[in-house]
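Notes to accompany the following structure.
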Amino acid sequence: MAVLAVLAALIVVAAGCGGREQQTGQEAKQINIGYIAWDEDIAVTYLYKELLERRGYQVNITELEAGPIYAGLAQGNPDLFLDAWLPATHEDYWKQYGPQLEDLGVWYDQATLNIAVPNYMTDVNSIADLRGRGAEFGGVITGIDPGAGLSRTTKDKAIPAYGLQNEYQLQTSSTTAMLAALQKATDEQRPIVVTLWHPHWAYARFPIKDLQDPMGAMGTAEQIHAVGRQGFSQDFPEVTEMVKRFKLNDQQLASLENEINSAPKGQEQAAAKKWADANPNVINSFAG
C-alpha cells in the first residue's frame, strides 16, 4: 500500500507540474517545489515562490508527505525541496534516495526538540527544575500528537532521565490543542510546561523559553538542508546560488513563520511578500 501511495502521489505531481524534459527559452524559467505541511517548510516555500516570481520564474508548489517528495526528487520531479531534516529525522529517506539527489546546503542548523515554560517562570530554567513541582503544573506536560518523535522522546527519555515519572504525565493530543493551552495559560500568566521544537512560530508569538537539558535527553540539534533533483544546479544555476547563500537564524525564521501562520488561508504568499519587504537586509543577503 505504501508503494501505491507513493506512486499515486508522484502521478499527482507529474500531472500538476509537468514533466522533467529539458527546457529551453521561456520554459526554462519554470521550477517545481515540493513541500511538506510543516510550518517552516510552508513559510520558506512561499518565500521562495514570491522571490523567484519577482525574477520571472513560473513557480509551481505541491504539498506532499516526505516519502513521496524524496521519491519524486529521485525521479526528477519536483525540482527542489527546502526542508530536509538531517541527519536523524529524514535519515531513512536519505539513505534510500540521497545518492540520487543534490544536497544544496544547510540553511538552518538549530532544529531541536524542547521542553518549554513561560519566561515569567523565572525560577524554572532546566528540565531538572521541574522535579518536586508537579502539583504546580497540575502533574501535566502538555504535548502534541502521540505518534510524534517529540512525544516519544519526552515520554521515553526526558521524563525518566530527570526522574519526573511519579509527578508528571505527558498529555498528548495535537499541536493545535497544545498551542491553545499555551495561549490560555500565558494570557492568564499561569504555569504551564509544553513540548515544543525549533523552528516554530510560537517562539515569536508567546513569552516562552526552552528549558536547559544538561543530560541531553532531548537529543542534539539537527540541520535543515535544501535538496535538489539530480542536475538541479546545472539546470538552475541562479536559483542554486540563491539557495546556497540562504540562511535564517532562529528569530528570523520564527517571525517569518508567524507572519505566514497569522495570514488568512490563501494569503500565504502575500504574507511572505510582506515579510520580505519588511526584512530587506535578510533578503539581500541571499537574493540581492
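The values are calculated or read from the model by the stated rules, or taken from the named source; none is laboratory data. Computed from a prediction, not measured in an experiment: that's the story for all the values here. Ideal geometry is used to build each Cβ from the backbone, glycine not excepted, and the neighbour counts take in all protein chains shown. Only protein heavy atoms, including side chains, enter the accessible area calculation; ligands, DNA and RNA are left aside. Shrake-Rupley method; radii C 1.70, N 1.55, O 1.52, S 1.80 Å.
Quick notes on this structure:
- Filtered residue count, the stretch 211-238, keeping only those that are modelled with pLDDT of 95 or more, open to solvent by less than 50 Å² (accessible area, probe 1.4 Å) and charged (D, E, K, R): 2
- Flag set for Gln22, criterion: open to solvent by 60 Å² or more (accessible area, probe 1.4 Å), at pLDDT below 90, assigned to a loop (DSSP other than H, G, I, E, B) and not acidic (Asp, Glu).
- Residue check for Gly139: among the small types (Gly, Ala, Ser), under 18 Å from the mean Cα position of the chain (by Cα) and more than 30 Å from Asp235 (Cα to Cα): no
- Of all the residues in the stretch 27-67, those that are open to solvent by less than 50 Å² (accessible area, probe 1.4 Å) and basic (Lys, Arg) number 1.
- Among strands (runs of 3 or more DSSP E) entirely within the stretch 77-186, having at least 1 residues that are open to solvent by 10 Å² or more (accessible area, probe 1.4 Å) and either among the polar types (S, T, N, Q) or under 21 Å from Gln212 (Cβ atoms) (or both) singles out 101-118, 140-142, 169-171.
Residues are listed down the side, and each one gets a yes or a no for (1) without any contact (Cβ under 8 Å) to a residue 60 or more places away in the chain; (2) aliphatic (A, V, I, L, M):
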{"residue": "Tyr162", "(1), (2)": "yes, no"}
{"residue": "Leu170", "(1), (2)": "yes, yes"}
{"residue": "Gln183", "(1), (2)": "yes, no"}
{"residue": "Val193", "(1), (2)": "no, yes"}
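- All positions within the stretch 178-201 that are modelled with pLDDT under 95 and hydrophobic (A, V, I, L, M, F, W, C): Trp197, Trp201
- Residue within the stretch 67-76 that is part of a helix (DSSP H, G or I), out of contact with any strand residue (DSSP E or B) (no Cβ under 7 Å at 6 or more places or on another chain) and under 25 Å from Asn281 (Cα atoms) present: no
- Subset of the stretch 48-63 [over 19 Å from Phe246 (Cβ atoms), within 19 Å of the chain's Cα centre (by Cα) and not hydroxyl-bearing (Ser, Thr, Tyr)]: Glu63
- Per-region count, the stretch 187-210, residues in a strand (DSSP E or B) and either over 17 Å from Asn114 (Cα atoms) or open to solvent by 10 Å² or more (accessible area, probe 1.4 Å) (or both): 5
- Candidates Trp107, Trp38: the one that is among the aromatic types (Phe, Trp, Tyr), in contact with a His (Cβ under 9 Å, 6 or more places away or on another chain) and under 22 Å from Ala276 (Cβ atoms) is Trp107.
- Inter-residue pairs, beta-carbon under 7 Å, first at positive phi and in the stretch 50-70, second surrounded by fewer than 19 Cβ atoms within 10 Å (Cβ to Cβ), 6+ apart: Gly56/Lys29
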